[in-house]
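Heads up, the thing below is written out as structure tokens.
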């Protein structure tokens, strides 16, 4: 079952580009989205524990981070594309 997660990280973990590059190497990550500083939305069929272990083994940093499942009790001010990914577990189709 696909799940939506929020990855939030400290500045000392690395740059947005280094975190993005790390996520790209993780087979556990089906897709991801970035539109806020120091945060990624991740879609995966794996547990947060497994994602955390895989991420930590690849990032090569002692910076802090959290990977937390996004449940039904949520609210915020996000883009339409981000809400679509979180609620539907796949990216919003391209407008033609």
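Screening the candidates 57, 61 for the property of being over 20 Å from residue 91 (Cα atoms) and either out of contact with any helix residue (DSSP H, G or I) (no Cβ under 7 Å at 6 or more places or on another chain) or at pLDDT 95 or above (or both) yields one hit, 57. Looking across the range 55-80, the residues that are more than 13 Å from the chain's Cα centre (by Cα), assigned to a helix (DSSP H, G or I) and within 20 Å of residue 19 (Cα to Cα) come down to 56, 57, 58, 59. Scanning the range 25-65 for residues that are exposed (fewer than 14 other Cβ atoms within 10 Å of the Cβ) and touching a strand residue (DSSP E or B) at 6+ places or on another chain (Cβ under 6 Å) yields a total of 0. Assuming residue 69 fulfils every condition listed in (1) crowded, with 17+ Cβ neighbours inside 10 Å; (2) in contact (Cβ under 8 Å) with a residue 40 or more places away in the chain apart from one, which condition is it? For residue 69, the failing item is (1). Looking only at residues of the range 84-96 that are assigned to a helix (DSSP H, G or I) and within 13 Å of the chain's Cα centre (by Cα), we find that the one that is surrounded by the fewest Cβ atoms within 10 Å (Cβ to Cβ) is 86. Taking the conditions (1) within 22 Å of residue 11 (Cα to Cα); (2) modelled with pLDDT of 95 or more in turn, residue 45 satisfies each one other than (1). Here residue 28 passes the criteria (1) in contact with a helix residue (DSSP H, G or I) (Cβ under 6 Å, 6 or more places away or on another chain); (2) farther than 16 Å from residue 57 by Cβ; (3) without any contact (Cβ under 8 Å) to a residue 60 or more places away in the chain except the one numbered (2).
When you check residue 74 against the structure, is it under 18 Å from residue 89 (Cα atoms), out of contact with any strand residue (DSSP E or B) (no Cβ under 7 Å at 6 or more places or on another chain) and modelled with pLDDT of 95 or more, yes or no? Yes.
The values are calculated or read from the model by the stated rules, or taken from the named source; none is laboratory data. All values derive from a computational prediction rather than experimental measurement. Don't worry about glycine lacking a Cβ; one is built from the backbone with ideal geometry, like all the others, and counts go over all protein chains shown.
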